[in-house]
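Working notes, structure below.
The values are calculated or read from the model by the stated rules, or taken from the named source; none is laboratory data. Here the structure is a predicted model, which is why all the values come from computation and not from measurement. Cβ placement follows ideal geometry from the backbone for every residue including glycine, while neighbour counts extend to all protein chains displayed. Accessible surface is based on the protein model in full, side chains and every heavy atom, while ligands, DNA and RNA are left aside. Shrake-Rupley method; radii C 1.70, N 1.55, O 1.52, S 1.80 Å.
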Amino acid sequence: VGVESVVAKRRVVSHVETTAGKIECEYFVNCAGMWAHSLGKKSKPQVRVPLHPCEHFYITTKPIEGMDPMMPVVRDYDGLVYFREWSGGILAGGFEPVAKPAFLQGIPNDFQFGLLPDDWDHFQVLLDPILHRYPVMETANVHKMFNGPESFTPDGHWNLGAASEIKNYYVAAGMVSMGIAGAGGIGKYLTEWIIDGMPSIDLSSHDILRHVPHHNNQQFLAERVKETLGNYTLRYPTEQRYRGRKLRTSPLHTRLEVQGACFGETNAYERPMWFTNSHDDYLYNQYNSEKGKGTFGKPTFFDNVKEEYWACKEHVCLIDMSSFTKTEVKSKGPEALEFLQYLSSNNIEQPIGTIIHTGMQNEFGGYENDCTIVPMENNTFFMISPTSQQTRSLNWLRKHRPLDGSVEIRDVTSAYAGINVIGPHAPQLLYDVSGINTSRQEFKQMTCKVIDVGFASNIIAMRLTHSGEDGFVLYVPSEYGLHVYETLVKAGKDYGIRDAGYYALRELRIEKFYAYWGSDLTTHTTPLESGREFRVNFEKGEFIGRDALLTQRENGISKRFAQFFLNDFDYETDVWPWGGEPIYRNGKYCGTITSTGYAHTLERMTCLGFVTDTDSQGNKVLHKAMHEFILDKSAKYEIAIAGKKFPAEVNLYTKPTVYQNGEPVFIPAPKR
């Protein structure tokens, strides 16, 4: 029976039209394997399911004398190959470094359970390590080569969850052979998604909302999956994909490339991660496969980022932040304000030009978005969200907007370039190019003005930097982006101006104990658990997640976001933490590291993560004063990195950064 279309009424699943007739349904799950991409197009609006099939090869031998039927499955990751017993012989296959996309003109209508033509030349890169690992294969008689299509996603992760285009349309696809191993869990958590609105564990790395429209492009997918099939390849921290790159770029991209920018990709957007004057370093991190060997220790760009870090603290730096998600929400009357008040846990009813950091919580209190909102003129609000939130944040807004059409929501990400001007000389530099008074009394922290820079107008200037350092983020109409950048560079020469990348920004924010969406903040962490209760306004009235947060405030929490400084850690020779490392409290596992960075000011490796209290049965223990549990003088913390435990000092901030006479004042928790 063939599916002809998935019909939606008012963007809600209604029924499925098949070759055998109509099937009414309240929910639809697209788990059609390599057909999931084309099935997603059989609806109005079309549903994006980014995946593409590749040819996957393995061979089987005839029976081999003495073959043990209980031989375990063997995976040789260095050789990129796997083995198992098969009918008295051996089945051997692998995942080659450069795959061969299948069905470039689309999957034939009559293809089912079929095989593709043999290709021994393509298989040779796997045959050599097969013969090396299992010499018996040299004399074995090959029974057959199997070449069948398997589907892969652009980033190698599964596609799971609720689609953004149609309500009650779910996806479970792009799992390759690992779908066999994950099937039970996928069934469980997709069921929770349907019934409860979200799974009980964090599956954000597999959530289909991580994709943008570009990811569903057929030609892009065919190119990218040549690389993502290689799931046995050892991937190093900070390593980037190299196929299907250089598409979404800012107006500054070419200029920064000439300046030695080494780019990374987030949501298909090219972002400068660090800068180099070395041609070898430049090639290491650009758009080609000849990148050399990575490392789990001190990164090759350490000294470059260190220079950028100190320039941000002592002079002035420019960071291209054009990739941030930008959204405009407006209405004729107060509807936009009422809408954002209901979605936001902070109070959005503030004077025009006020910068408001807020979460948008789900009904369980977890973060659906961590964003910055600025009330502008004429019932308009300008919202900034993380780059990876482009689809998710728009989906959350559109999912809850009034049905009467009174609120207009526009994605204006491509309409603005973003330039972060960081450092103690940033105020004087902005004054030089704009003529506006940038004193802390006239241009206060967490406020916004619309200004001119050079010959360019209508620039949204915000006094914040996402790093804890003084400065401004300028959101510049894209056509003026290069002009504003060059104006700043020319005027900033006497201030020691230079470019910096996202790695320097990361070091600054981790040192300042700032949490970021995607790594520290997820749908399963709340403001109370992440130390952000000060950004929740319970008195303003009803908002999504309010009841859950009030319950937490009343009953207590079982985990809390903390900062750790490692002792006895040699950043030159020790394996570095990169996230996911276990935290131990008095020898007992109590949580996981979420972000890491080297604090150059303190000259210490710094980690952020959540500390959880559980009883002997593994049940969570609630605390109304979780900071007392974490800061208890008898508590000794360790972070395990590559099998070695490092003692760590713990730190909490019980209050936010505040400003006195325009100057920032950090109020830490009592030291122990």
Looking at the range 338-350, can you tell me whether even one residue there is surrounded by 23 or more Cβ atoms within 10 Å (Cβ to Cβ), of a type in the set (A, V, I, L, M, F, W, C) and assigned to a loop (DSSP other than H, G, I, E, B)? yes
Counting only residues that are open to solvent by less than 10 Å² (accessible area, probe 1.4 Å) and under 15 Å from residue 418 (Cα atoms), the range 254-271 contains a total of 2
Tell me the residue from 327, 354, 358 that is open to solvent by 30 Å² or more (accessible area, probe 1.4 Å) and touching a Cys at 6+ places or on another chain (Cβ under 9 Å), please. 354
Residue check, residue 560 touching a helix residue (DSSP H, G or I) at 6+ places or on another chain (Cβ under 8 Å), assigned to a helix (DSSP H, G or I), modelled with pLDDT of 95 or more and under 14 Å from residue 530 (Cα atoms): no
Out of the range 79-106, which residues are outside any strand (DSSP E or B) and open to solvent by 40 Å² or more (accessible area, probe 1.4 Å)? 87, 97, 98, 100, 104, 105
If residue 429 meets every condition in (1) open to solvent by 10 Å² or more (accessible area, probe 1.4 Å); (2) part of a helix (DSSP H, G or I) apart from one, which number is that one? (1)
Of all residues making up the range 34-73, the number that are touching a residue at least 60 places away in the same chain (Cβ under 8 Å), under 27 Å from residue 127 (Cβ atoms) and either open to solvent by less than 50 Å² (accessible area, probe 1.4 Å) or among the hydroxyl-bearing types (Ser, Thr, Tyr) (or both): 12
Could you list all residues from the range 552-583 that are under 21 Å from residue 202 (Cβ atoms) and buried (at least 19 other Cβ atoms within 10 Å of the Cβ)? 552, 557, 558, 559, 560, 561, 562, 563, 564, 577, 581, 583
How about the range 151-169: which of its residues are part of a strand (DSSP E or B), buried (at least 21 other Cβ atoms within 10 Å of the Cβ) and not hydrophobic (A, V, I, L, M, F, W, C)? 151, 159, 161, 169
Matching residues, the range 207-232, being of a type in the set (Val, Ile, Thr) and in a loop (DSSP other than H, G, I, E, B): 212
If we keep just the residues of the range 451-485 that are surrounded by fewer than 18 Cβ atoms within 10 Å (Cβ to Cβ) and free of Cβ contacts under 8 Å to residues at least 40 places away in the same chain, which is farthest from residue 513 (Cα to Cα)? 455
